[in-house]
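The next block holds one structure in the form of structure tokens; read it before the comments.
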Amino acid sequence: MCRIYRHEDSPNIDNVIALKINNNSISVDDGTTVAVAILAAGVSQFRHSVSGESRGPLCGMGVCFECRVTIDRVAHQRSCSIIAQDGMEVVTDE
Amino acid sequence: MMFDVAIVGAGIVGAACAAALTREGLSVVIVDKGGIANGTTAAGMGHIVVMDDSEAQFALTHYSQRLWNELTAEMSASCEFENCGTIWVAADEEEMNEVHRKHDFYEERGIATEILDERSLREAEPNLAEGLAGGLLVESDSVVYQLTATRFLIDKAISGGAKLKTGNRVIEIRDGEVLLENGEKIFAANVVNAGGAQAADLSPQLNIKKRKGHLVITDRYPNFVSHQLIELGYLKSAHGNDADSVAFNVQPRITRQILLGSSRQFGSETSGIDNNIVRRMTSRAFEYMPRLRDISAVRIWTGFRPATPDNLPYIGNIPGYENVYAAAGHEGLGITTSLGTAELITDAILGRNSAIPNVPYLPTRRFAEH
Amino acid sequence: MSKLTIEVLIVGGGAAGMSAALAASQNASVTIVDDNPFLGGQIWRAELGNTKSPEAQKLIAAIASKQIKIINNAQVFGLNNANSLLTETTDGQLELKFEKLIIATGARELFLPFPGWTLPGVFGAGGLQALAKGGMSVKGKRIVVAGTGPLLLAVADYLKSKEAIVIAIVEQTSSAKINRFALGLWRSPSKIRQAIALRSGLRDVPYLTDSWITSAQCRSPRESKGVTRKLDSITVIKKGITKTIDCDYLACGFHLIPNTELAEMLGCKIENGTVTVDDYQQTSIDNIFCAGEPTGIAGLESSLIEGKIAGLAATGQLDASRALFGQRDNAAYFGDKLNKTFALRDELRKLADAETIVCRCEDVSFQRLEEFNDFRDAKLQTRCGMGPCQGRICGAAAQFLFGWEPPNVRPPIFPVKMENL
């Protein structure tokens, strides 16, 4: 299932990036961060904390490390600082 | 007020001594210039391992390991003790011969170990590189978070009546007293120098040199590695002399962070990180575990192992004093042998026989010419 | 492993860094290194690849017209020696040897712990704005903006422009202090214009002063497994009276703290949490300059002027740099007033309860930390500060809550892949 998520100001219908979040396909505007793509896919738990709490992004600028997810099988990447690319496979903690 | 024993150093060796001595009903004071486990202990790996590089090393590590296993009944969860085992990794056939030798050595002394071939090695640790000849699995080895373990031992000593004086630097030790930097004197019938890498500052009779090591710790990666992994070349590094050396040594922490070592350097007294050494260490590690490349390294630190000429610690009466003892010079085995050291010190102070011969560790021993 | 040799290296492509780059480029070859995908830093963060601010666009265009090299997505984590930084890029390790360095690493938000602050749906104030600029839709979302500082107004204004429903701005400082601050803006016509614009845009948004969030919660009953519990309401207190407000998001930050880690790693003198610089923005190390928020939180104008002075001074254009000292004084005056106005009140130290998590990386609660006298002991016994954020979030909070000096900094100053060490 392919969902289109548009940012209200999206300039160009062609600049769309298709990626997977937990095996679900989603499309976002070029320039969207992976963190935003994850939120747009309806996922608010990016990771489990050490004691098992659900966590999502806090600082939005790459210093808090709460937005860490696995991208293309490399773990612990700060999704708020990475622009979504075509074909990315993003996995959040269950 | 006169204590039975004053212990200089609130690291793991001092803490273990304090716990053992208070158990025997002695009055103890522990003094440290910093806080609990702030010095040598803080930098360590926390591996509890039985070693075979000499009879004396085996005796002390084996004895200590038994004591650690007994202590698990009392230790809190915060000590993070985990019986993860060690695998000594053999890269080639020559090292496999060494594996067989080790196996026999341990077997003769009652330690069960399992020889792994190439396939069973990779089954045990799938992230190891292909083409390694095999290894030796020592299931009885463990890992502990030495910072909280030291605190546990100190708390045990304190509930047995010990006093703790942190933030007080000792500038001199003599028979019957310990002199602090602030001018204060602590009177004690016996004094134990458990000053870690700085023990020789107070007791120049002890030939203890600082041997710098680097460690890297990573973010959390469950299921990446389950045993402590050490290359067989480790002992060459540990027994080497002046050259800088690295050896592959990886530990899974209970947090599932990966702790990566090891390096050894003499002559560097500063705690700064040496990028070349770190690179050599990680390059070596990538040969054994290529998937480490993508792992996120979160912190790097250095520490100083207290090294003696024969790689055995000083445990016992310091020549020139009646009742001043050394409990220092443990190189990279301080955490393992802290408990055995504590028993030997307690035996020495109480004048009774020890469970293992104490002769190899006496400060009066002569060293073979190098 | 690649290596570049650079005449003037600028770390940070925000307002200060870009301003420094343009000034320096008149006399030297300049390279800007930034960990974001686009120039602009935080205040001028790009939205889907482009920054909206006309002022920023002018700077970016000017930079493009000179021979200024830009290296994006590069994070400085270590150093090889006094004149050589190590960065992690998407292509691996990149070593940057420099003759002169200008540190323009900006600031981050201060977060203070309170019950529920770790719930998904609780963001920083600048944090939510950054995510919105990264493409997140806030249209129709009910948002409370809280904490302290002029950033709250800017964030509320921005969110409103993106059709969010900003329920209220909850500001901990007093209305008296805000009024004094507003009166003090007479020195700066541009600031008055900014303030008026913000005020009118936010006319219908309640601006509660002497108020703060006492808790964030998820009040809906436990649903089926697999449904993440996230924020649905917050509780505010003002003069002893509490009120609970339903909302979708909380954007909460307590003003800014300088990013001094790079300067500290290099051995620059740091005093009171800021990098010490002389009139020429030179640090305690001769060939290292610092401009913008790391020298003291003072806002955009200060960053621009300090950046310009640093760029001129680093390239020997001392007369030109001196000509700007007066402007800098004016901007610094504003900065000083800013920080005094929004200083944190004591009540904020008591927001956390025993179970509230202070170190989010390692889940260390308030009660576990209380017994320690300094950061080092707390760190060794609880792991507080040992996580990937390296104490960036909990360090400042612990300093405010317990009075501890933040931990010392050591490379790597950001986590880095082992192969790039």
>> Need one value for B:295-306: mean number of C-beta atoms belonging to other chains within 10 Å of its residues' C-beta atoms.
In response: 5
> Where does the protein assembly as shown land on Rg(C-alpha)/(2.2 N^0.38 Å)?
Replying inline: 1.02
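With only alpha-carbon atoms in the gyration tensor, what are the semi-axes of the equivalent ellipsoid for segment C:90-229, in Å, largest first?
The equivalent ellipsoid of segment C:90-229 has semi-axes of 28, 27, 16 Å.
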>> Less than 13 Å Cβ to Cβ from C:Asn80, Lys/Arg counted +1 and Asp/Glu -1: what total charge do the surrounding residues give?
In response: +1
> For C:Val33, B:Val99, what ranking results if the residue with the fewest other Cβ atoms within 10 Å of its Cβ goes first?
Replying inline: B:Val99, C:Val33
> Listed highest first by mean packing, meaning other Cβ atoms within 10 Å per residue, what order do C:112-118, C:370-376, C:273-279, C:145-151 come in?
Replying inline: C:145-151, C:112-118, C:273-279, C:370-376
> In vacuo Debye scattering of chain C, one point per C-alpha: log10 I(q)/I(0) at q = 0.12 Å⁻¹?
Replying inline: -1.04
> Per residue of C:134-144, what is the mean number of Cβ atoms on other protein chains within 10 angstrom of that residue's Cβ?
Replying inline: 5
>> Report the Cα centroid-to-centroid distance between segment B:51-101 and segment C:377-421 in angstrom, as an integer.
In response: 32
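Using a 10 Å cut-off around each Cβ, can you sort B:Met281, C:Met418, B:Met1 from fewest to most neighbouring Cβ atoms? Can you show the working numbers first?
Values: B:Met281 27, C:Met418 23, B:Met1 8.
In increasing order of surrounding Cβ atoms, one gets B:Met1, C:Met418, B:Met281.
Taking N as the number of residues in chain A, what is its alpha-carbon radius of gyration divided by 2.2 N^0.38 Å?
Normalised Rg, Cα atoms only: 1.03.
Find out how many positive minus negative residues lie around B:Arg352, taking Lys and Arg as positive, Asp and Glu as negative, among other residues whose Cβ is under 13 Å from that of B:Arg352.
Values: positive: none; negative: B:Glu24, B:Glu343, B:Asp347.
Result for the local shell: -3.
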> D for segment C:276-421, whole µm²/s, Stokes-Einstein with Kirkwood Rh over alpha-carbon pairs at 10 °C and 1.306 mPa s: what number?
Replying inline: 89
>> Cα atoms only: what Rg and Dmax, in Å, come out for segment C:43-102?
In response: 14.4, 39
>> At R0 = 25 Å, how high is the FRET efficiency between C:Glu99 and A:Gln85 if r is their beta carbon distance? Nearest 0.05 is fine.
In response: 0.10
> Helix-derived [θ] at 222 nm for chain C: sum -39500 (n - 2.57) over DSSP H runs of at least 4, divide by residue count, nearest 500?
Replying inline: -9000 deg cm²/dmol
>> Between 0 and 90 degrees, rounded to the nearest ten: what's the tilt of helix C:150-161 against the longest Cα principal axis of chain C?
In response: 80
> Based only on Cα atoms, what Rg/Rh ratio does segment B:245-370 have, Rh being taken as Kirkwood's radius?
Replying inline: 1.08
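State the extension gain, in nm to one decimal, for the chain segment bounded by C:Gln399 and C:Asp279, taking 0.36 nm per residue of separation less the distance between their alpha-carbons.
Values: separation 120, 0.36 × 120 = 43.20 nm, distance 2.90 nm.
Extra length from C:Gln399 to C:Asp279 when fully extended: 40.3 nm.
What fraction, in whole percent, of alpha-carbon pairs in segment B:277-350 exceed 21 Å separation?
On the way: 1371 of 2701 pairs.
For segment B:277-350, the share of Cα pairs beyond 21 Å comes to 51 percent.
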> What do the square roots of 5 times the Cα gyration tensor eigenvalues come to for segment C:79-120, in whole Å, largest first, as semi-axes of the equivalent ellipsoid?
Replying inline: 35, 15, 8
> Counting only residues 5 or more places away or on other chains, whose amide H sits under 5 Å from the amide H of C:Ile6 once H atoms are built in the peptide plane?
Replying inline: C:Lys97, C:Phe98, C:Glu99
>> Rounded to two decimals, what is the ratio between the C-alpha radius of gyration of segment B:184-328 and 2.2 N^0.38 Å?
In response: 1.25
> If each Cα of segment C:319-370 is one equal point scatterer, what is log10 of I(q)/I(0) from the Debye formula at q = 0.13, 0.29 Å⁻¹?
Replying inline: -0.58, -1.00
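Quote the charge dipole size of chain C about the Cα centre in Debye, to the nearest 20; the model charges only the Cβ of Lys and Arg (+1) and of Asp and Glu (-1). Don't skip to the end; give the middle numbers.
Numbers: 47 positive and 43 negative charges, 267 e Å.
Once rounded to the nearest 20, the dipole reads 1280 debye.
For segment B:120-206, what does the relative contact order come out to in percent, with C-alpha contacts under 8 Å and a separation of six or more?
Values: 56 pairs, mean separation 11.4, N = 87.
Value for segment B:120-206: 13 percent.
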> Tally Lys and Arg at +1 and Asp and Glu at -1 over the other residues with C-beta under 12 Å from the C-beta of B:Pro306: what net charge comes out?
Replying inline: +3
> Using alpha carbons only, what's the Rg to Rh ratio of segment B:18-90 with Rh from Kirkwood?
Replying inline: 1.00
>> Only counting other Cβ atoms within 10 Å, I'd like C:Asp346, B:Asp141 sorted with the fewest neighbours first.
In response: C:Asp346, B:Asp141
> With the radius of gyration and the Kirkwood radius both derived from the Cα set of segment C:212-282, what is their ratio Rg to Rh?
Replying inline: 1.28
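Which FRET efficiency, nearest 0.05, do C:Asn80 and A:Asp72 yield, Cβ-Cβ r, R0 35 Å? Don't skip to the answer; put the middle values down first.
Values: r = 30 Å, r/R0 = 0.85.
The value I calculate is 0.75.
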>> Calculate the FRET efficiency for C:Glu370 and C:Asp246 from the Cβ-Cβ distance with a Förster distance of 35 Å, rounded to the nearest 0.05.
In response: 0.60
> What list of ³J(HN,Hα) couplings, whole Hz, do you get for segment B:297-303 from phi and the Karplus terms 6.51, -1.76, 1.60, once you set θ to phi - 60° and write x for glycine and proline?
Replying inline: 8, 9, 8, 10, 9, 10, x
> Hull surface divided by four, with the convex hull built on the Cα atoms of chain B: how many nm²?
Replying inline: 17.5
>> I need the Kirkwood Rh of segment C:356-404: take the reciprocal of the average 1/r across all distinct C-alpha pairs and report it in angstrom.
In response: 10.1
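Hey, what number do you get for chain B at 222 nm if only DSSP H runs of n ≥ 4 count, each worth -39500 (n - 2.57), divided across all residues, to the nearest 500?
Details: 10 runs with 111 residues, N = 370.
The helix-only estimate for chain B comes to -9000 deg cm²/dmol at 222 nm.
Which of the peptides B:203-214, C:4-15, C:316-327 is most tightly packed, and how do the rest follow, judged by the mean count of other Cβ atoms within 10 Å per residue?
Working: B:203-214: 20.2, C:4-15: 25.1, C:316-327: 14.6.
For the peptides B:203-214, C:4-15, C:316-327, the packing ranking is C:4-15, B:203-214, C:316-327.
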> In peptide A:44-52, what is the residue-averaged number of other protein chain Cβ atoms found within 10 Å of each Cβ?
Replying inline: 5
> Using a basic spin-label model with each label point 7 Å from the Cα along Cα→Cβ, how many nm lie between B:Glu130 and B:Leu179?
Replying inline: 6.7
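Since every read-out is calculated from the coordinates, none of them should be taken as a lab result. Quick caveat: nothing in here was measured; it's all calculated off a predicted structure. No Cβ is skipped: glycine too gets one built from the backbone with ideal geometry, and neighbour counts run over all protein chains shown.
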